[in-house]
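Scroll down for the structure; my scribbles are underneath it.
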Amino acid sequence: MHTLSLPAHGASPQRFSANSCLLELPHKPWRFFRHGWQSWAFSSWVDPQAPAVPIRAAQFRAKDEDPLYALAQKHTSAWVAAVQLDVDDIVLIGGMDWGARVQFEENRLRAFYESGEGEWLLVRSTESEAFSYYTQALLERYPRSSPRKTPRVWCSWYSLYRFIREESLHHVLRELGDLPFDVFQIDDGWQISTGDWEANPRFPSGMADLAERIRASGRQAGLWLSPFIVTPDSTIYRKSPEWLLRDSEGKPVFAGRNWSGMTYALDVTHPAVLEWLEETIRRVIGWGYSYLKLDFLYAAALPGRRYREMPRETAYRQALAVIRAAAPEAYLLACGAPILPSLGLCDGIRIGPDVTPFWLNRALSVWLSNPNHPSTQNALRTSLHRLWLKPLIDIDPDVVYFRSRHNALTPEQRRWMADLASICGFRSTSDPPHWLTASEREQLRSFLEQEMCVEPLGEYRFRLDGREVDFRPILPLPSPQRVPLWFATSLGFLQMGVYEVLPALWESLRIRTGRNLKRGE
Ligand code: 9PG
């Protein structure tokens, strides 16, 4: 155990190697900066004196948190943490290697690597300077993968959800007209099952045909895959059980429940899994897709027993490197991804949970103590605390809504989303043009065309083309409320059903019956 002494404010950053180290603080810090493990995981300044509150429903812990620390009493941060000692007085400790964690203990910080030694950076300065030292050090260690222009993306998820079919996508593709999107990305719902990455019967012409139509419209074709998880109905789960990651009792490692049901992690150190991964990626590239949204990536780094024993984030990194090698030219967007081990291999990364056509799912998020759960407020908060990643990788704060139809967000809330996307420089939406009024369509067009002049004004405030934007009111976590678990989950899923599932189902039905053609074209 390495004991650190508090650096002087403004002194040059210290770099050293250690397995674990302790830093005693001179007094109780005002705030603790907690960085979530994967894209969706809560990142924010928190009150270090208030205990860490675990997510109440276990079904969410595998998916929304690093399960190893999901029940920890201490605030636990992945790779980097910071404390605020005074005005403009921040102490940051950041791991440079995979598997670094920092915990807040009473009046000290305990930083450690899950296995072996690694390098650390320790600095005391203002918030922006401290993070920028860390970012610069990471940039030297993990240089950007060859720079590809950040594309403007139309993504099918946040309007059509799992109810996509080829006719609906053909229809949206036509009606996008000359809106300046670089990529048309097909999300979850095209595959036979999670694990069988072939077109399902709702795509009778096949995925290569769809890619061809997208490219003929002058855009790049994008496709969603979750290559490290499988569901029990998949061929892999049924026929190659040895490909699954196992826990200490030999049971498949649960990777969380999503829209396809219960998911399980693959053991990505198994040579047969790596071969299958390579072949799967080559196949979709061969169909004509050059933008891949790779989702639920954390599954490869879940704790478990592996075919080849190695630290879990190393296993993840090696599997991602196989994907990169199979798709050297493609734009790779990592989602649900452990942040640090994705650097240098992916082009972009999601930096917050999913947005929703409402501000907050109070039941699933506040009542279940799960600030990682999809909700626009959660997405904005976590993304705003990860802007320091921008020099390292394209940062995706998720799509922006322009529609007022099927949407409970206020114009001010939609403005915050668009402003954050402009600050990140990653622009995308899922709104089908026929869901937009004429003026909303114009807002979308200018959002896609504009290059905003962004001036940081300190503490989550910005000047955008001369207009001041203050994100501070949206940052605080709502105070926790105790509500029975069954009630919270029922109400939470009901809210998703009303705002997300029903409009998507309705749209899918309309397309099938051909009624869209009168209104939309
Ligand atoms: C597709 C989606 C979209 C989205 C991703 C990811 O069940 N869940 O709680 C749950 C949470 C997030 C989630 C999906 C399900 O989102 O971030 O953009 O691609 O998968 O399934």
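The fraction of accessible area contributed by carbon and sulfur in the chain is 53 percent, rounded to a whole number (1.4 Å probe; ligands and nucleic acids excluded). Compared with the dominant Cα axis of the chain, that is its longest principal axis, helix 438-449 is turned about 50°. For residue 226, nonlocal amide neighbours, meaning residues 5 or more places apart or on other chains whose placed amide H falls under 5 Å from its own, are 295.
Computed about its Cα centre, the charge dipole of the range 2-141 is approximately 340 debye, with only Lys, Arg, Asp and Glu carrying charge at their Cβ.
When Rg and the Kirkwood radius Rh are both evaluated on Cα atoms of the range 306-443, their ratio Rg/Rh stands at 1.04.
For residue 52, the amide hydrogen comes within under 5 Å of the amide hydrogens of 75, counting only partners 5 or more places away or on other chains and with H modelled in the peptide plane. Just to confirm the number: angle between the C-alpha axis of helix 485-496 and the first principal axis of the chain, 0 to 90 degrees, nearest 10? Relative to the chain, helix 485-496 is tipped by roughly 50 degrees. Rank 191, 250, 372 by how far each Cα sits towards the positive end of the charge dipole of the chain (+1 on Lys, Arg Cβ; -1 on Asp, Glu Cβ) and give me just the farthest. So the residue furthest toward the plus end is 191. Per-peptide packing, taken as the mean over residues of other Cβ atoms within 10 Å, places 125-135, 16-26, 184-194, 151-161 in the sequence 151-161, 184-194, 125-135, 16-26 from highest down. Between the C-alpha center of the range 4-40 and that of the range 245-309 there is a gap of 33 Å. Here the sum of -39500 (n - 2.57) over DSSP H runs of 4 or more residues, divided by the residues of the chain, equals -8500 deg cm²/dmol at 222 nm, to the nearest 500. Centre-to-centre, using Cα atoms only, the range 123-180 and the range 440-467 are separated by 16 Å. Relative to the longest principal axis of the Cα atoms of the chain, the long axis of helix 207-216 makes an angle of roughly 90 degrees. Expressed per residue, the C-alpha convex hull volume of the range 70-142 stands at 93 Å³. Pairs 251/390; 63/390; 63/239; 74/251; 239/293; 28/251: which exceed 32 Å Cα-Cα? Too far apart for the 32 Å limit: 251/390; 28/251.
Mean separation of Cα pairs under 8 Å and 6 or more residues apart, divided by the residue count, gives the range 2-141 a relative contact order of 30 percent. From largest to smallest, the equivalent ellipsoid semi-axes obtained for the chain from the alpha-carbon gyration tensor read 36, 27, 22 Å. Please check which bits of the range 467-504 a label hung off residue 132 would reach, taking the label as a point 7 Å along Cα-to-C-beta and the cut-off as backbone N under 13 Å. Output list for this probe position: empty. Placing +1 on the Cβ of every Lys and Arg and -1 on the Cβ of every Asp and Glu, with nothing else charged, gives the range 278-411 a dipole about its Cα centre of roughly 260 debye.
Beta bridges assigned by DSSP with both partners in the range 2-141 are antiparallel in approximately 95 percent of cases.
In this structure, the amide hydrogen of residue 185, modeled 1.01 Å from its nitrogen in the peptide plane, lies closer than 5 angstrom to those of 154, 155, 156, 222, counting only residues at least 5 positions away or on a different chain. Residue farthest toward the positive end of the dipole of the range 2-141, with Cβ of Lys/Arg at +1 and Asp/Glu at -1: which of 25, 2, 41? Ranked along the dipole, the leading option is 41. Note on the chain: with charges restricted to the Cβ of Lys and Arg (+1) and Asp and Glu (-1), its dipole about the Cα centre is near 960 debye. For the chain, the antiparallel share of DSSP beta bridges with both residues in that region comes to about 70%. Taking all protein chains together, 410, 231 sort by accessible area into 410, 231, largest first [probe 1.4 Å].
The values are calculated or read from the model by the stated rules, or taken from the named source; none is laboratory data. Worth saying up front: this structure is predicted, and the values here are computed from it rather than measured. A quick note on method: Cβ atoms are made from the backbone with ideal geometry, for glycine too, and the neighbour counts reach across all protein chains shown. Calculation scope for accessible area: heavy atoms of the full protein, side chains included, ligands and nucleic acids excluded. Shrake-Rupley method; radii C 1.70, N 1.55, O 1.52, S 1.80 Å.
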